[in-house]
Amino acid sequence: MTGIDDLPIRDELRGKSPYGAPQLDVPVRLNTNENPYPLPEPLVARIAERVAEAARHLNRYPDRDAVELRTELAKYLTRTTGHEVTMGHVWAANGSNEVLQQLLQTFGGPGRSAMGFEPSYSMHALISRGTGTGWISGPRRADFTIDVDAAEAAIAEHRPEVVFICSPNNPTGTAVDEETVLRLYEAAQAARPSLVVVDEAYGEFSHRPSLLPLIEGRPNLVVSRTMSKAFGAAGLRLGYLAAHPAVVDAVQLVRLPYHLSAVTQATALAALEHTDTLLGYVEQLKAERDRIVTELRAMGCEVTDSDANFLQFGRFDDSHAAWRAILDHGVLVRDNGVPGWLRVTAGTPEENDAFLDAVRAIRKENN
Ligand code: PMP
């Protein structure tokens, strides 16, 4: 049987596994940081309307520069962060994964390297590898915050061309403060200068304000965002970034022509018309997240402070066995391979109760 490694693939891909959270058919799925609320019916109807309109023009290529969508995203960012950005500061692609890939194609690549502070979002390393960019794993403290002195030293030593700061961080839920970003940005500028990417996929769920205002006067700082989480539209595939307009010009060098379909643009524009309703769900999810943290701690679990729509809990002598035991109670959580810890996404109140009951049950079984 011919396998991948029998094919003439690139050496750095040999023996590697693709990204893959298990997609199991389980009653309660709290493993991929999705929003549990389906889009509200009036929004579904508006999507149908806008997509029908787009369908009338599908014989033509879509707006290559997605001007209307970027204008509306800029308005959303300005309204929710208090920092004024325009269409020229915003770029959009198929999920923030594609935004990150375009950034690495532009600023990374063969002979260059990217650094992230791990454990963090595994795709930062995987997209680096896929774009031929070297990967350097930077340090975190035992409590999963970034040790700024150690991080500055790592940047000075390795001089990566791209530095990822994930805030709130996946899988730990840890938010990063402004001071940390500013110090790491300065260290990255002193070392090269390099591009600093703040991945704010979960920004709307944070107790802290967005780090987006920091792009002002810092042309090498990028903030990436997504409609997959707060907008409850993971199936849409729409991510975006805000940065100095020169960064937006630079990623045009690598983006495929017409990468964002007319259907995607129409759907995203419809969702942006319903921002207030969707942000209402975000508030409910934040409250549920905080409730899960409180209840898990009351049971005696350790929980890492969370600013995301998920949280990291433990500690388990064998986290994979704990993952399996929770699954046996009908609840799918995520084992990100962080020894001792598991991650759960905040779902509906009923799903969260099912999860809390499952943890209570496995703690009882083990005592
Ligand atoms: N960044 C982080 C930190 C994430 O956790 C995710 C999704 N799990 C993404 C980016 C990518 O999301 P999407 O491509 O759906 O926008």
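A short reminder: the numbers here are calculations on the coordinates, not readings from a lab. On a predicted model such as this, the values are computed, not experimentally measured, just so you know. Positions of Cβ are backbone-derived with ideal geometry, glycine not excepted, and every protein chain shown enters the neighbour counts.
For this structure, a couple of remarks:
- Cα-based values for segment 65-173, radius of gyration first and Dmax second, are 15.7, 45 Å.
- Extending 7 Å from Cα along the Cβ direction at Arg14 and again at Leu256 yields two label points whose distance is 2.8 nm.
- For the pair Val26 and Arg79 in one chain, pulling the backbone fully straight at 0.36 nm per residue adds 15.2 nm over the alpha carbon distance.
- Packing-based exposure ordering (other Cβ within 10 Å, fewest first) of Ile47, Ile362: Ile362, Ile47
- For q = 0.15, 0.16 Å⁻¹, Debye-computed log10 I/I(0) when each Cα of segment 109-161 counts as one equal scatterer: -0.40, -0.45
- DSSP bridge orientation in segment 41-273 - percent antiparallel, rounded to nearest 5: 35
- Local electrostatic count at Arg225 - Lys and Arg +1, Asp and Glu -1, tallied over other residues with Cβ under 10 Å: -2
- Ordered by the count of other Cβ atoms within 10 Å of each Cβ, fewest first, Leu279, Leu214, Leu43, Leu253 give Leu253, Leu279, Leu214, Leu43.
- Alpha-carbon centroids, segment 22-36 and segment 197-263: separation in whole Å: 25
- Long-range tail of P(r) for segment 239-345 (Cα pairs > 23 Å, %): 53
- D_trans [Stokes-Einstein, Kirkwood Rh over alpha-carbon pairs] for segment 173-278, 10 °C, 1.306 mPa s, µm² s⁻¹: 103
- Protection proxy ranking of 10-16, 301-307, 36-42, by the mean of other Cβ atoms within 10 Å over each peptide's residues and highest first, is 301-307, 36-42, 10-16.
- The calculated FRET efficiency for the pair Asp177 and Ala287, based on their C-beta separation and a Förster distance of 25 Å, comes to about 0.60.
- Dimensionless Rg/Rh of segment 41-273 - Kirkwood Rh, Rg from C-alpha atoms: 0.98
- Projected label distance in nm at Glu216 and Ala153, using a 7 Å step from Cα toward the beta-carbon: 3.5
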